[in-house]
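In what follows, a structure is listed as structure tokens, so that the remarks can point back to it.
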């Protein structure tokens, strides 16, 4: 693929990601967008649960399989490494949009708060998303979403591997992006059955997916990452216990 097309594709993929990310925030928070997690036409409980789990499963499978090094080695036999990440980002973004569009609401309320409690939960919701966004810049936001690779191709510069470093939030937990997602997913003043389903399934997925991610990071960085694991918890920003994995 010509360099200018590679760069254009990278920009387009990033634009789709940004659209899907902002839409997902509004969708989950029942804000500003026509279709949210608790709005729309509800089907039968069984149909809604099945549809929603299938949507989340499709996203989880794509997100995990395409991120594995073995898949990347196979995939880049046919796809240029310069656009591999952009394709991954585009596929994940489109599936995220599909969740927001085709989600079947389950609007029955499990827990509802008001007053100060509701305000605190809304603040936590936004804090979670800020942790997610800030954490991407503490590693390499533009490489994470494929723009750096496209830019290096445009400038005809070889891709350079980043050394393992610990910055800011990453000194507190090993996966602050996932921590931010968990905070945002669970912090809501009105917890419906649909929102509870979303939060529970995505939490289970994150915990499982992080086991694969940790294995890949140990393979990539070796003793440096093992030492990091011994010092810093995976998700909880608390003092590291001798036998804790959280």
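A few comments on the model shown:
- A count restricted to region 179-188 and to residues that are in a loop (DSSP other than H, G, I, E, B) and either under 14 Å from the mean Cα position of the chain (by Cα) or surrounded by fewer than 19 Cβ atoms within 10 Å (Cβ to Cβ) (or both) stands at 0.
- Screening the candidates 79, 132 for the property of being without any contact (Cβ under 8 Å) to a residue 12 or more places away in the chain and in contact with a helix residue (DSSP H, G or I) (Cβ under 8 Å, 6 or more places away or on another chain) yields one hit, 79.
- Of the helices (runs of 4 or more DSSP H) lying entirely inside region 79-154, the ones with 1 or more residues being buried (at least 20 other Cβ atoms within 10 Å of the Cβ) and more than 14 Å from the chain's Cα centre (by Cα) are found at 81-102, 115-138, 147-154.
- Annotation: residue 61 fulfils all but one of (1) over 23 Å from residue 88 (Cα atoms); (2) without any contact (Cβ under 8 Å) to a residue 40 or more places away in the chain; (3) under 19 Å from the mean Cα position of the chain (by Cα); the unmet one is (1).
- As a summary of the residue check, residue 40 satisfies the conditions (1) touching a residue at least 60 places away in the same chain (Cβ under 8 Å); (2) assigned to a helix (DSSP H, G or I) except for the one numbered (2).
- Check on residue 21, assigned to a helix (DSSP H, G or I), in contact with a helix residue (DSSP H, G or I) (Cβ under 8 Å, 6 or more places away or on another chain), within 18 Å of residue 185 (Cβ to Cβ) and free of Cβ contacts under 8 Å to residues at least 60 places away in the same chain: no
- Of all the numbered requirements in (1) at pLDDT 95 or above; (2) closer than 20 Å to residue 16 by Cα; (3) surrounded by fewer than 17 Cβ atoms within 10 Å (Cβ to Cβ), residue 63 misses one, and that requirement is (1).
- Set 200, 219, 209, 224: member being farther than 15 Å from residue 125 by Cα, free of Cβ contacts under 8 Å to residues at least 12 places away in the same chain and part of a helix (DSSP H, G or I): 200
Residue-by-condition table, conditions (1) more than 16 Å from residue 181 (Cα to Cα); (2) touching a strand residue (DSSP E or B) at 6+ places or on another chain (Cβ under 8 Å):
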residue: 11; (1), (2): yes, no
residue: 16; (1), (2): yes, no
residue: 20; (1), (2): no, no
residue: 38; (1), (2): yes, yes
residue: 42; (1), (2): yes, no
residue: 49; (1), (2): yes, no
residue: 53; (1), (2): yes, no
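The values are calculated or read from the model by the stated rules, or taken from the named source; none is laboratory data. Values in this document were obtained by computation on a predicted structure and should not be read as measured data. Positions of Cβ are backbone-derived with ideal geometry, glycine not excepted, and every protein chain shown enters the neighbour counts.
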